[in-house]
Amino acid sequence: MDGNPLSCVYRPQVGLSTRAAEMIRSLIITTELEGGQPLVESRLAGLLGMSRTPVREALRQLEGEGLVRIIPNKGAFVAEISVDDLYDVYELRKAFESLAVVSALPNVTDEEIEGLRLEWEHVYSGDTGALPLEIITASDSRLHGRMVSRCRNVRLKGFSDMLKSQIARYQFVAARSLSNVRVTAGEHLEIINLMKERNADGLAAALAMHIEQSQRYIVEGYFAHQGFAFS
């Protein structure tokens with residue numbers, strides 16, 4: 001999950017189906033395409049300026065990532081976000097990210113940690129009301145992704161890749177649900193300080209607590225509007 005999950009920069013060397021998947025993925029993650037919305041191949045092809053074949057292949061790929069549901073004889077739809085799905089994904093995320101940081105910490109350089117600190121200091125001290133959600137989400141993805149990408153456990157990284165798109169979608173929803181950006185920025189700065197101190201146990205605990213808090217933001221800020229009460 002290193003880098004910006006919302007990026008879909010045009011790259012001529014990338015196949016059309018991959019480009020289509022990048023673009024549709026970005027639209028789903030940023031909720032421009034909402035849960036339950038039909039994904040009509042002909043409309044998407046026109047929007048993306050390509051034929052229906054790469055779009056069809058892209059939708060199959062995104063189905064494997066958990067962002068799209070393909071129903072026989074009905075078509076493709078944006079996968080809906082549910083409370084149960086949120087709890088499932090975040091339970092797994094808390095488990096594997098807490099494991100990953102212990103393995104990754106020796107491999108993260110002081111320069112990388114300082115870069116992350118400066119990035120989140122900018123978020124904390126800036127005009128948070130003017131920060132686009134994409135910037136907050138990208139910073140969140142870079143911090144969490146750095147730890148997973150530096151993990152020595154190849155299988156754990158592979159498992160993380162399976163959930164990458166779903167996590168990115170929830171990260172965007174969490175950012176949109178924030179009532180105070182500085183609170184989450186402070187949580188990230190605490191995590192970064194523990195990285196700098198090479199405090200593996202403290203880092204794992206702080207990360208687990210941060211992921212639980214992110215889940216709470218989504219429940220209270222997103223699902224509450226659908227009549228779900230968090231307890």
Next item on the list: May I ask you to verify whether VAL101 is modelled with pLDDT under 95 and either within 23 Å of HIS144 (Cβ to Cβ) or part of a helix (DSSP H, G or I) (or both)?
Entry: yes
Check: Among the residues of region 145-170, which ones are under 17 Å from LEU67 (Cβ atoms) and either more than 13 Å from the chain's Cα centre (by Cα) or modelled with pLDDT of 90 or more (or both)?
Finding: LEU163, LYS164, SER165, GLN166, ILE167, ALA168, ARG169, TYR170
Next item on the list: Would you mind telling me which numbered condition in (1) modelled with pLDDT of 95 or more; (2) open to solvent by 50 Å² or more (accessible area, probe 1.4 Å); (3) out of contact with any Ser or Thr (no Cβ under 6 Å at 6 or more places or on another chain) LEU59 fails?
Entry: (2)
Check: Restricting the first residue to region 149-171 and requiring it to be free of Cβ contacts under 8 Å to residues at least 40 places away in the same chain, which pairs with a second residue that is of a type in the set (Asp, Glu) and part of a helix (DSSP H, G or I) meet a Cβ separation below 6 Å and a spacing of at least six or different chains?
Finding: none
Next item on the list: Scan region 179-187 and give yes if some residue there is within 29 Å of LEU33 (Cα to Cα), basic (Lys, Arg) and touching a residue at least 24 places away in the same chain (Cβ under 8 Å), otherwise no.
Entry: yes
Check: Can you pull out the residues in region 66-94 that are outside any helix (DSSP H, G or I), modelled with pLDDT under 95 and either surrounded by 19 or more Cβ atoms within 10 Å (Cβ to Cβ) or of a type in the set (A, V, I, L, M) (or both)?
Finding: ILE81
Check: Quick one: is ASP110 in contact with a helix residue (DSSP H, G or I) (Cβ under 8 Å, 6 or more places away or on another chain) and buried (at least 22 other Cβ atoms within 10 Å of the Cβ)?
Finding: no
Check: From the list ALA229, ALA200, ALA224, which residue is modelled with pLDDT under 95 and surrounded by 14 or more Cβ atoms within 10 Å (Cβ to Cβ)?
Finding: ALA200
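Mind telling me which of the residues ILE211, ILE191, ILE218 ends up being more than 15 Å from SER98 (Cα to Cα), open to solvent by less than 30 Å² (accessible area, probe 1.4 Å), assigned to a helix (DSSP H, G or I) and touching a residue at least 12 places away in the same chain (Cβ under 8 Å)?
Details: ILE211 fails: more than 15 Å from SER98 (Cα to Cα); ILE191 fails: more than 15 Å from SER98 (Cα to Cα).
Just a single option satisfies the conditions, and that option is ILE218.
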Next item on the list: Go through region 28-42 and count every residue that is closer than 15 Å to GLN61 by Cα and open to solvent by 20 Å² or more (accessible area, probe 1.4 Å).
Entry: 1
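The values are calculated or read from the model by the stated rules, or taken from the named source; none is laboratory data. Here the structure is a predicted model, which means the values were calculated and not measured. Please note: Cβ atoms are built from the backbone with ideal geometry, for glycine as well, and neighbour counts cover all protein chains shown. Calculation scope for accessible area: heavy atoms of the full protein, side chains included, ligands and nucleic acids excluded. Shrake-Rupley method; radii C 1.70, N 1.55, O 1.52, S 1.80 Å.
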